[in-house]
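**Student:** The following block contains the structure, expressed as structure tokens.
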Amino acid sequence: MEESRTSRSCGQANAAQAVYTDIDGTVTAYNTIFEFLRFDAARQGRSAEAEDFLAGLRSSAANGVPRSVTNARYFRWWSGRAVDGIQHLGGLWADTQAGSPDDWAFLEPVASLLDAHAAAGRQLVAVTASFAPALEHVRRRWPTLDLLCTEPVVTDGRYTGGIREALVGEAKAGAVRRHAAVSGVDLDASYAYGDHSSDLPFMALAGESMLVGGRLMRAAEVPPVKV
């Protein structure tokens, strides 16, 4: 665990507090877009094809292809598919996940920290390379969760296989800055959670941040949420 706490100015007197969090590896133990693709493939009888497709993405990443590129390649799977149909599929997957809570558990300590922040009235914001249909299970746990995610390009109600921008690395930081400006968020008074070095640019914008990963944290290691 790496944790940073910095005392900064209070910013605008009436500015909102927000909680910006990565999802995969931070809130969920699984990769949301990979597992959603597997769910889709199984329903179509294309599981072997899906595993080959995902193996290609993993191989590219292992060979040094940037995460922004592999994220963009992922969305080719959805090319030509109706947006409404994939949104419905996301609901079906969330139903399946809800029926097997032990298999689709949320990660601690961040899940409980998000619960506490929500109870304190702070705005929760996902900052993720995933996309909305793959995040329905997460949004059911935190219904007010805003999404800053990779946005597929849509033409005539269907995915083209392209994206507007892969939300990884510095792109996450840019998305957080824009969200804060539009929503009147005081970043100095806000929180950020992530699990990977690529999350550090957006985490550095928040007054308090915590980098998690690799092991279960002891209760004494988890910073309390200020009410």
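The values are calculated or read from the model by the stated rules, or taken from the named source; none is laboratory data. Just so you know, these numbers come straight off a predicted model, no measurement behind them. Cβ atoms come from the backbone with ideal geometry, glycine included; neighbour counts cover every protein chain shown. To get the accessible areas, we keep the full protein, side chains included, count just its heavy atoms, and leave off ligands, DNA and RNA. Shrake-Rupley method; radii C 1.70, N 1.55, O 1.52, S 1.80 Å.
**Student:** Exactly one of these conditions fails for Arg73: (1) open to solvent by 50 Å² or more (accessible area, probe 1.4 Å); (2) in contact (Cβ under 8 Å) with a residue 24 or more places away in the chain; (3) more than 14 Å from Glu35 (Cβ to Cβ); (4) not in a loop (DSSP other than H, G, I, E, B). Give me its number.
**Tutor:** It is condition (2) that Arg73 fails.
**Student:** Confirm whether Val138 is part of a strand (DSSP E or B) and either at pLDDT 95 or above or more than 19 Å from Asn31 (Cβ to Cβ) (or both).
**Tutor:** Values: part of a strand (DSSP E or B): no; either at pLDDT 95 or above or more than 19 Å from Asn31 (Cβ to Cβ) (or both): yes.
Answer is no for this residue.
**Student:** If you take the residues in the range 124-164 that are more than 22 Å from Ala72 (Cβ to Cβ) and out of contact with any Phe, Trp or Tyr (no Cβ under 9 Å at 6 or more places or on another chain), which one is surrounded by the fewest Cβ atoms within 10 Å (Cβ to Cβ)?
**Tutor:** Pro143
**Student:** Of all the residues that make up the range 191-209, how many are over 11 Å from Thr21 (Cα atoms) and of a type in the set (Ser, Thr, Tyr)?
**Tutor:** Residues meeting the conditions: 2.
**Student:** Can you tell me which condition Asp40 does not meet? The list is (1) modelled with pLDDT of 95 or more; (2) open to solvent by 20 Å² or more (accessible area, probe 1.4 Å); (3) of a type in the set (Asp, Glu), and all the others hold.
**Tutor:** Unmet for Asp40, out of (1) modelled with pLDDT of 95 or more; (2) open to solvent by 20 Å² or more (accessible area, probe 1.4 Å); (3) of a type in the set (Asp, Glu): (2).
**Student:** Mind checking which residues of the range 104-123 are farther than 12 Å from Tyr193 by Cβ, open to solvent by 50 Å² or more (accessible area, probe 1.4 Å) and part of a helix (DSSP H, G or I)?
**Tutor:** Result: Asp115, Ala119.
**Student:** Yes or no: the range 190-207 includes at least one residue that is of a type in the set (D, E, K, R), open to solvent by 30 Å² or more (accessible area, probe 1.4 Å), part of a loop (DSSP other than H, G, I, E, B) and at pLDDT below 90. So that I can check it myself, show each step before the final result.
**Tutor:** Here is the first cut: in the range 190-207, the ones of a type in the set (D, E, K, R) are 195, 199.
Among the residues that remain, those that are also open to solvent by 30 Å² or more (accessible area, probe 1.4 Å) are: 195.
Still in the running and part of a loop (DSSP other than H, G, I, E, B): 195.
From the residues that got through so far, the ones that are at pLDDT below 90 too are none.
No; the residues of the range 190-207 include none that is of a type in the set (D, E, K, R), open to solvent by 30 Å² or more (accessible area, probe 1.4 Å), part of a loop (DSSP other than H, G, I, E, B) and at pLDDT below 90.
**Student:** Restricting attention to the range 45-70, which residues are closer than 17 Å to Ala166 by Cβ, assigned to a helix (DSSP H, G or I) and among the aliphatic types (A, V, I, L, M)?
**Tutor:** If the condition is that a residue be closer than 17 Å to Ala166 by Cβ, assigned to a helix (DSSP H, G or I) and among the aliphatic types (A, V, I, L, M), then Leu54, Leu57, Ala61, Val69 are the ones that fit.
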